[in-house]
Amino acid sequence: MNDTETVILHSFLFAVHEQAEPLPEQITKQIQEISQDLENRVMELDAVAQSTPSLTPLYKDALDQLLGQSAQRMKGLENQPGELKNPPKRSNVVRVISQQTTPENAQEILSSPNPPNAAQQTFQFPG
């Protein structure tokens, strides 16, 4: 997976993790289909996130944050605080999900009958 695909996957998983309710059945089925060939279809998650109202704002926030972090690292500004429009708690959740995502747990979450619940059970946050 290239860097862009990784950012899309992490942003999508964040948006799914933050859902209080299960996703619509049609969206869940679409995500499950993508998960069967995630390596080659990860870019499709962007379209799903952009077309699902409950995912879109969270996905865009995570995407902006992760792309901003990448840009800072490329400029050698890794330890500089960025101008984040995300609350600190949300920023921490994005960071933890980004650090803890593996191909295996991403596949498990996206192939689950209830991806938000699977994401909430998968990612562990420091107390």
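Values in this text are rule-based calculations from the coordinates and carry no lab data. Not measured: the values here are computed from a predicted model. Cβ placement follows ideal geometry from the backbone for every residue including glycine, while neighbour counts extend to all protein chains displayed.
Values as computed for the structure displayed
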item	result
Sorted by Cβ neighbour density within 10 Å, fewest at the top, the residues Lys29, Lys89	Lys89, Lys29
Listed peptides 55-65, 4-14 by packing density, highest first (mean Cβ within 10 Å)	4-14, 55-65
Segment Thr102-Asn2, length gained on full extension (0.36 nm per residue, minus Cα span)	34.6 nm
Label-point gap, in nm, between Glu21 and Lys60 - each point 7 angstrom along Cα→Cβ	2.1
Dipole in debye (nearest 20) - the range 1-58, about Cα centre, beta carbon charges: Lys, Arg +1; Asp, Glu -1	100
Karplus-derived HN-Hα couplings along the range 61-68 (A = 6.51, B = -1.76, C = 1.60, θ = phi - 60°), whole Hz, x at Gly and Pro	4, 5, 4, 4, 5, 5, 5, x
